[in-house]
Amino acid sequence: QVQIVESGGGLVQPGGSLRLSCVASSLHFIASTLNWYRQAPGTQRELVASITSSGATNYADSVKGRFTISRDNYKTTAYLQMNNLALEDTAVYYCNAAFGKLDSWGQGTQVTVSS
């Protein structure tokens, strides 16, 4: 069973930055697509950013130019660098590792943007 642990969330002022980390205990990490999702209260979970095994990235329009997803296969860790945070970025952020039919999720980390 894949275990995923996110960290790095917290309270930040508008315009600030945070870096989220996602450590995955997976034999298939290198071949997995890694995704960051977020869910704000009363909304559906949305895909924020993805990075494939080959390093190709994709972002939601709302975060393009502000967020950067990356991965370190040696550390089996994914990152989400979030810059110029806005109030609407407040949500629980979840890491997901997808490999074939294997779809694993972390418990989430809270990001709150508030002045």
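With +1 on the Cβ of every Lys and Arg and -1 on the Cβ of every Asp and Glu, and nothing else charged, how large is the dipole of the range 1-112 about its Cα centre, in debye rounded to the nearest 20?
Values: 8 positive and 7 negative charges, 34 e Å.
Charge dipole, the range 1-112, about its Cα centre: 160 debye, nearest 20.
Check each of the chymotrypsin sites (Phe, Trp or Tyr not before Pro) in the range 1-82 and keep only those in coil by DSSP with at most 15 other C-beta atoms within 10 angstrom; list them in order.
The qualifying sites are Tyr74.
With θ set to phi - 60° and the Karplus curve 6.51 cos²θ - 1.76 cosθ + 1.60, what are the ³J(HN,Hα) couplings of the range 42-59 in order, to the nearest whole Hz, using x for Gly and Pro?
Those phi angles translate into x, 10, 7, 5, 10, 7, 9, 7, 9, 9, 7, 5, 8, x, 6, 10, 8, 9 Hz.
Return a whole-number percent for the relative contact order of the chain, with Cα pairs under 8 Å and 6 or more residues apart as the contact set. Intermediate results must be reported in sequence, preceding the final value.
On the way: 282 pairs, mean separation 42.5, N = 115.
In percent, rounded to a whole number, it is 37.
I need the phi-derived Karplus couplings for the range 109-115: 6.51 cos²θ - 1.76 cosθ + 1.60, θ = phi - 60°, integer Hz, Gly and Pro marked x.
9, 7, 10, 10, 10, 7, 8
Please list 3J(HN,Hα) in residue order for the range 66-80, calculated via the Karplus relation 6.51 cos²θ - 1.76 cosθ + 1.60 where θ = phi - 60°; whole Hz, with x for glycine and proline.
Each residue of the range 66-80 in turn: 10, 10, 9, 9, 8, 8, 10, 5, 5, 9, 6, 10, 10, 10, 9 Hz.
For the chain, modelled as a Gaussian network with Cα springs under 10 Å, which listed residue fluctuates most, Gly65, Gly100, Gly42?
Gly42
Of Ser54, Ser32, Ser21, which has the largest mean-square fluctuation in a 10 Å C-alpha GNM of the chain?
Ser54
Please go through the range 33-115 and write out the trypsin sites (Lys or Arg not before Pro) that DSSP classes as loop and that have at most 13 other C-beta atoms within 10 Å.
Lys64, Lys75, Lys101
Quick one: pull the percent of accessible area on the range 26-115 belonging to carbon and sulfur, 1.4 Å probe, ligands and nucleic acids left out.
52
Quick one: net charge of Leu80's neighbours, Cβ under 12 Å, K/R +1, D/E -1?
Taking every Cβ under 12 Å from that of Leu80, the sum is +2.
Separation of the range 72-115 and the range 12-38 by C-alpha centroid, Å?
4
The values are calculated or read from the model by the stated rules, or taken from the named source; none is laboratory data. Everything numeric here is computed off the predicted structure, so don't read it as measured data. Neighbour counts are summed over all protein chains in view; Cβ atoms, including those assigned to glycine, are modelled from backbone coordinates with ideal geometry. Keep in mind that these areas ignore ligands, DNA and RNA; they rest on the heavy atoms of the full protein, side chains included. Shrake-Rupley method; radii C 1.70, N 1.55, O 1.52, S 1.80 Å.
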